[in-house]
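Worksheet for the structure shown next.
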Amino acid sequence: MNANNTIIQLENVCFSYPNGRAVLDNLQFTIKQGEKVGLIGPNGSGKTTFLHLIMGLLRASSGTVRIFGKPVETEQDFRRARQKVGFLFQNADDQLFSPTALEDVAFGPLNLGKKPEEAREMSLKTLKALNLEGFEERVTHRLSGGEKKLVALATVLVMKPDVLLLDEPTTGLDEDTSIRIINILNGLDISYLIVSHEYDFLARTTRDIYSMKSGKIQYNGRSENLHSHYHSHPHGKTPHSHN
């Protein structure tokens, strides 16, 4: 870890899609060891793009991405970084591709060169820690949406990352599964960044809130001041927040 405990840093990062649409504009962002932060913003504001730039799934048009104090520019740089930066996709089907849950969870350790026996042991331990015992031979594509999300999270946590990036981790999930994810995250002793529209979820899992607007990220305040509630309006129920 670098001296000031900075894990991820983006400096003057810009990004535009091939059609010319600008998404990020001289974006500045830092997450340090131990920080648990949430990121909010309207659809299309660039939140997922921001996460993909950190992971190297997209490349910045300009600016610098640093992970553990070192600039990451090449695919080799990002491959090394991905060993310590865990990413949970918004859609679990983008993360799960093996026939069974155990095979999905073991894929990462095997890809790092772990022996099959060690990869299996790591995977079983991770599934047990997430209360997913009995899932080992479950056929992945037959799992429910919530079950897929939990197994996808297991595929990330088995790698023992130093920081987690989570893209809308509770979208479409039932309350019980959301609570399970809240409890899992609150039990982790690592940094993470959560992109979510669910304010109550962020209030229960993060300490600080940022927002994405006009291609930039700005600090909004402590998560404890963030909540959502519903008021009746002529056109339905509208969630909103107060700081």
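We did not get these values from a lab; they are worked out from the coordinates using the rules stated. Being a predicted model, the structure only gives us computed values, none of them experimental. Cβ sites come from the backbone with ideal geometry, for glycine too, and all protein chains shown count toward neighbours.
Give me the orientation-averaged projected area of the Cα convex hull of the chain, in nm², one decimal.
Values: hull surface 58.2 nm².
Mean projected area of the Cα convex hull: 14.5 nm².
The phi-based Karplus calculation (6.51 cos²θ - 1.76 cosθ + 1.60; θ = phi - 60°) puts the 3J(HN,Hα) values of segment 27-43 at 6, 10, 7, 9, 10, 10, 4, x, 7, 10, 10, x, 10, 10, x, x, 4 Hz, whole numbers, x for Gly and Pro.
Checking the table LYS36/LYS114; LYS84/LYS128; LYS70/LYS128; LYS47/LYS128 against a 25 Å threshold on Cα-Cα, which pairs fail?
Details: LYS36/LYS114 30 Å; LYS84/LYS128 22 Å; LYS70/LYS128 35 Å; LYS47/LYS128 32 Å.
Pairs exceeding 25 Å: LYS36/LYS114; LYS70/LYS128; LYS47/LYS128.
Would you mind estimating how fast segment 1-48 diffuses translationally, via Stokes-Einstein at 4 °C and 1.567 mPa s with the Kirkwood radius over Cα pairs, in µm²/s? The calculation lands on 103 µm²/s.
Sequence gap at least 6, Cα distance under 8 Å: using those rules, report the relative contact order of the chain to the nearest whole percent.
Values: 446 pairs, mean separation 59.2, N = 243.
Result for the chain is 24 percent.
Protection proxy ranking, highest mean first, for peptides 30-38, 173-181, 7-15: 7-15, 30-38, 173-181, where packing is the per-residue count of other beta-carbon atoms within 10 Å, averaged.
The dipole here belongs to segment 1-97: it is taken about the Cα centre, uses +1 on the Cβ of Lys and Arg and -1 on the Cβ of Asp and Glu, and is about 220 debye. Per residue, the convex hull around the alpha carbon atoms of segment 7-133 comes to 147 Å³.
By how many nm would the segment from GLU175 to LYS216 lengthen if fully extended, with 0.36 nm per residue of separation less the alpha-carbon distance?
Details: separation 41, 0.36 × 41 = 14.76 nm, distance 3.18 nm.
Gain on stretching GLU175 to LYS216: 11.6 nm.
Put in order of Cβ neighbour count within 10 Å, fewest first, the listed residues HIS52, HIS141 become HIS141, HIS52.
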